[in-house]
1. Specify the residue with the greatest mean-square fluctuation among 325, 238, 262, computed from a Gaussian network of the chain linking alpha-carbon atoms under 10 Å apart.
2. What length, rounded to one decimal in nm, is gained on full extension from residue 319 through to residue 65, with 0.36 nm per residue of separation minus their alpha-carbon distance?
3. Running a GNM on the chain with Cα contacts under 10 Å, which residue among 153, 305, 90 ends up with the highest mean-square fluctuation?
4. Give me 121, 211, 196, 279 ranked fewest to most by other Cβ atoms within 10 Å of their Cβ, as a rough exposure proxy.
5. Which of 253, 100 has the fewest other C-beta atoms within 10 Å, and how do the rest follow up to the most?
6. Quick one: length gained pulling residue 283 to residue 168 fully straight, 0.36 nm per residue minus the C-alpha distance?
7. Could you state the angle between the C-alpha long axis of helix 143-156 and the longest principal axis of the C-alpha atoms of the chain, as a value from 0 to 90 degrees rounded to the nearest 10?
8. Please work out the FRET efficiency for the pair residue 362 and residue 116, using the Cβ-Cβ distance as r and a Förster radius of 30 Å; give the result to the nearest 0.05.
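Every read-out reported here was derived from the displayed coordinates using simple, explicitly stated rules and does not represent laboratory data. None of the values given here were measured: they were computed from a predicted structure. Every residue, glycine as well, gets a Cβ built from its backbone with ideal geometry; the counts of neighbours run over all protein chains shown.
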């Protein structure tokens with residue numbers, strides 16, 4: 001009897017331990033640049049993902065499974081990015097949100113391809129990533145889409161001769177953007193007078209601006225981040241206070257306005273979200289973002305929230321044995337903050353375009 005009693009007690013103990021054992025958490029990585037010249041975009045993306053995870057935790061769609069958010073900084077150089085990526089994979093992440101730039105995506109995508117772990121980039125847009133069956137899903141449009149948007153819109157506004165400054169530190173994006181814009185713009189009859197490359201680490205772009213203004217263009221176009229665009233605008237305004245300034249969507253963060261000041265007033269730019277969206281869903285997000293982080297959300301926040309939403313929704317619905325990639329394909333389309341997100345057969349999505357101008361220290365819709 002004592003032997004049977006011991007067996008029963010041991011069996012009950014095993015059952016209790018099994019019932020009490022905590023299920024392995026769902027590990028979501030965030031891999032963005034938090035130090036360096038595009039840290040503002042990385043921080044915005046991290047914040048957007050954080051709010052999305054909070055929402056899913058509150059809703060509890062994972063049957064008690066904890067969501068563990070693991071944030072890592074790529075840093076501004078490829079080697080630190082690779083180390084951060086390997087570190088997340090070592091921790092057993094189920095999927096990773098990021099990176100935010102095409103350059104860093106180019107660096108780390110091969111690592112995730114080899115590991116067969118899902119990578120969902122909020123804002124990488126180089127056309128080289130489009131149409132590839134790989135582990136990368138993209139929430140943003142491509143440089144081809146945006147180059148065409150810019151070419152058509154600004155040509156129709158009377159800008160027929162343009163000079164361009166090109167960031168040489170994120171060539172995956174900037175060279176792709178330049179090529180797509182130039183192809184579309186020249187097809188319309190526009191002329192690219194100058195394409196002058198610059199080092200984002202330089203504080204003085206006076207030589208670049210001088211070369212851009214020399215052929216007397218109708219406007220200047222900056223292919224760079226917020227810091228780049230602010231500095232280039234300040235240099236340009238010193239020489240020609242009335243020259244038309246245009247910047248690519250990469251620069252469309254609050255840092256552009258904070259650093260550029262009066263020099264960026266009147267600058268035109270395209271955004272991939274509607275900052276004045278009156279919908280209840282977006283307004284709830286906006287208020288939560290302001291309360292949590294003390295600032296307005298920007299495009300990186302919105303696209304990263306969408307990236308996290310589609311990832312978490314798919315992982316919540318997948319069945320046992322289904323890969324994260326298969327789940328993202330199976331359970332779409334997804335409802336983002338402002339639009340439906342539908343992936344094609346290669347994991348590419350599209351965004352709406354909003355033409356903006358900076359006025360009174362904020363981004364305004366073009367009249």
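1. 238
2. 90.0 nm
3. 90
4. 279, 211, 196, 121
5. By the 10 Å Cβ count, ascending, the order reads 253, 100.
6. Full extension of this stretch gives 37.7 nm more.
7. 30 degrees
8. Between residue 362 and residue 116 the formula returns 0.10.
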